[in-house]
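Trainee: This structure is in structure tokens; I'll ask about it shortly.
The values are calculated or read from the model by the stated rules, or taken from the named source; none is laboratory data. Quick caveat: nothing in here was measured; it's all calculated off a predicted structure. Here Cβ is always computed from backbone atoms with ideal geometry, including for glycine, and neighbour counts include all displayed protein chains. Accessible surface is based on the protein model in full, side chains and every heavy atom, while ligands, DNA and RNA are left aside. Shrake-Rupley method; radii C 1.70, N 1.55, O 1.52, S 1.80 Å.
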Amino acid sequence: MKKIVDKLFGHIYHPIVKYFRTRPELSAKLFKKCFSKTEHRKNRIYVDVTQVFVKDVGTGVQRVTNNIVKNIASISDEYDIEQVYLDNKQGVFSCKTKSPVTFIKGDIFFELDLNYILFTNYKHYFKRLRKHGVKISIFIHDLIPIRYPDFFDVGTYRVQLRWMKVCLRFDQIIANSKSTLDDVKAFIKETSYVKRNRHIQLNYSLLGCDFSSMPKIADNSTKNKKSSFLMVSTVDKRKNYKQALKAFTLLWEKGYDIELNIVGRPGWCCEDTIEMIKNHPMLNKNLFWFSNGISDEELAKLYSEATAVIFASLAEGFGLAITEGAYFKKPLILRNLPVFKEIAGENAYYYDGLEPEDLSSAIENWLELYKKGTVPDSSKIQLRTWNECTREVYKYLTSAAK
């Protein structure tokens, strides 16, 4: 039987086994090259920005990465900050010089970007660094692929599950909301059988929002004849654009002269939604899709001209469009999710239900309240800047290193 298996699958099986058996050995070689006991310098925080460095497509996660990176260098005085990326085989490289970086005791490696596979592949390498005094901290945006595997391509669940098990071996997890951190804590209880660092630090920092560098844009929403609704997020299955499209179709059929603007690139498992948008009779009339990414200036203009911001997602770790909409003092129509209530409190209009009629009825009710001037006021939401968010993240990073 073994001979038959080797004959049929040996060309696949044996290279994989060899790779996994030699990975610790390769990690040892990389460690010897990158760790120094004699180098004298100021300690560094190495911030992983691999995905942004390879290709910045402006997703929500990458916008978080960019904003934290932009602020952390001006905050840090105790540590030097260096942006790095993980090479597929050769270790950690400087984004500036494109050469391998060197670690010393007291350095921090901050896994900020969404880098499931490469970080997992280098687990032995980072374990060696940790044993020699380098602290490893990971930023977690959500556990949605684990909780809702049907929203993603086949295999994403397993990839994030392996990544999470690796993350628990290190020094610190920083989540983007209390809701996400609570989910991480629940995951730890559910996977009590997994070997992990019993003293891992668990923290969270709500994300920032800051368009203050933009030129002042006039609020033209009241000047428009028709109400304009804005949705900002990747177009994928869990964002539930399909319900929104069907809801607006019902409203258009009833004679409502309203606009729906969608800002988001195509994402996971959304072919049917994309076809629905492309073939919709209202496309480029009352329905507009910005599918290729837009600048911050263009996004700010859309926010300023919107009557309200809608977030119909079925699951989120945070929800940048909520804070961005509140920054422009736009009313919010949100699915009734715990994390949305954590951010907006009672300062948003919430709805439940998965049917198109549930959302269309919610929008009709909201429009009646809007006419009366009694919609919840998003300007009461306590927003924080990206600088404030980054300062808190930096405080957690440095406390883990002490």
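Trainee: Just need a number here: residues in the range 312-327 that are open to solvent by less than 40 Å² (accessible area, probe 1.4 Å) and assigned to a loop (DSSP other than H, G, I, E, B).
Mentor: Initial filter on the range 312-327 (open to solvent by less than 40 Å² (accessible area, probe 1.4 Å)): 312-313, 315-326.
Cutting the leftovers down to assigned to a loop (DSSP other than H, G, I, E, B) gives us 312-313, 315-319.
Number satisfying all stated conditions: 7.
Trainee: Quick check on K127: is it open to solvent by 30 Å² or more (accessible area, probe 1.4 Å), in contact with a Ser or Thr (Cβ under 9 Å, 6 or more places away or on another chain) and either touching a residue at least 60 places away in the same chain (Cβ under 8 Å) or charged (D, E, K, R) (or both)?
Mentor: Details: open to solvent by 30 Å² or more (accessible area, probe 1.4 Å): yes; in contact with a Ser or Thr (Cβ under 9 Å, 6 or more places away or on another chain): yes; either touching a residue at least 60 places away in the same chain (Cβ under 8 Å) or charged (D, E, K, R) (or both): yes.
The answer is yes for K127.
Trainee: In this structure, does T180 turn out to be open to solvent by less than 60 Å² (accessible area, probe 1.4 Å), at pLDDT 95 or above and of a type outside the set (A, V, I, L, M, F, W, C)? Write out each step before concluding.
Mentor: Values: open to solvent by less than 60 Å² (accessible area, probe 1.4 Å): yes; at pLDDT 95 or above: yes; of a type outside the set (A, V, I, L, M, F, W, C): yes.
Yes; evaluated as a whole, the condition is true for this residue.
Trainee: Could you look through the range 376-400, keep only residues that are open to solvent by less than 30 Å² (accessible area, probe 1.4 Å) and among the hydrophobic types (A, V, I, L, M, F, W, C), and pick out the one that is modelled with the lowest pLDDT? Walk me through how you get there before you give the answer.
Mentor: Applying the first criterion (open to solvent by less than 30 Å² (accessible area, probe 1.4 Å)) to the range 376-400 yields 378, 381, 386, 389-390, 393-394, 397-398, 400.
With the extra rule that they be among the hydrophobic types (A, V, I, L, M, F, W, C), the set shrinks to 381, 386, 389, 393, 397, 400.
Numbers: I381: 97, W386: 95, C389: 97, V393: 98, L397: 96, A400: 80.
Here the residue is A400.
Trainee: Now a separate question. Taking the range 302-311, which residues are among the aliphatic types (A, V, I, L, M), open to solvent by less than 10 Å² (accessible area, probe 1.4 Å) and not in a loop (DSSP other than H, G, I, E, B)? Before the answer, list the steps.
Mentor: Quick first cut of the range 302-311, residues among the aliphatic types (A, V, I, L, M) only: 302, 306, 308-310.
Next, from what is left, pick out any that are open to solvent by less than 10 Å² (accessible area, probe 1.4 Å): 306, 308-310.
Selection gives A308, V309, I310.
Trainee: Quick one: would you say L332 is crowded, with 18+ Cβ neighbours inside 10 Å and farther than 28 Å from S179 by Cα? Break it down stepwise before answering.
Mentor: Working: crowded, with 18+ Cβ neighbours inside 10 Å: yes; farther than 28 Å from S179 by Cα: no.
Considered against the rule, which asks whether it is crowded, with 18+ Cβ neighbours inside 10 Å and farther than 28 Å from S179 by Cα, L332 comes out as no.
Trainee: With modelled with pLDDT under 95 and surrounded by 13 or more Cβ atoms within 10 Å (Cβ to Cβ) as the only criterion, which of I75, I81, I68 stands out?
Mentor: Details: I81 fails: modelled with pLDDT under 95; I68 fails: modelled with pLDDT under 95.
Answer to the selection: I75.
Trainee: State yes or no: is Q62 under 18 Å from the mean Cα position of the chain (by Cα), within 15 Å of F139 (Cβ to Cβ), not small (G, A, S) and not in a loop (DSSP other than H, G, I, E, B)? I'd like the intermediate steps shown before the answer.
Mentor: Details: under 18 Å from the mean Cα position of the chain (by Cα): yes; within 15 Å of F139 (Cβ to Cβ): yes; not small (G, A, S): yes; not in a loop (DSSP other than H, G, I, E, B): yes.
Yes: the conditions hold for Q62.
Trainee: Which is in contact (Cβ under 8 Å) with a residue 24 or more places away in the chain and surrounded by fewer than 22 Cβ atoms within 10 Å (Cβ to Cβ), of F139, F152? Full working, then the answer.
Mentor: Values: F139 fails: surrounded by fewer than 22 Cβ atoms within 10 Å (Cβ to Cβ).
Among F139, F152, only F152 is in contact (Cβ under 8 Å) with a residue 24 or more places away in the chain and surrounded by fewer than 22 Cβ atoms within 10 Å (Cβ to Cβ).
Trainee: Here is a further query. Sort out which residues of the range 245-278 are under 17 Å from P356 (Cβ atoms), open to solvent by 20 Å² or more (accessible area, probe 1.4 Å) and not in a helix (DSSP H, G or I), and write them in order of number.
Mentor: Of everything in the range 245-278, those that are under 17 Å from P356 (Cβ atoms), open to solvent by 20 Å² or more (accessible area, probe 1.4 Å) and not in a helix (DSSP H, G or I) turn out to be K254, G255, Y256.
Trainee: Here's another thing I want to ask about it. Could you tell me whether any residue of the range 336-359 is open to solvent by less than 10 Å² (accessible area, probe 1.4 Å), more than 25 Å from K237 (Cβ to Cβ) and in contact with a Lys or Arg (Cβ under 7 Å, 6 or more places away or on another chain)?
Mentor: Checked against the condition, which is being open to solvent by less than 10 Å² (accessible area, probe 1.4 Å), more than 25 Å from K237 (Cβ to Cβ) and in contact with a Lys or Arg (Cβ under 7 Å, 6 or more places away or on another chain), the range 336-359 yields no hits at all.
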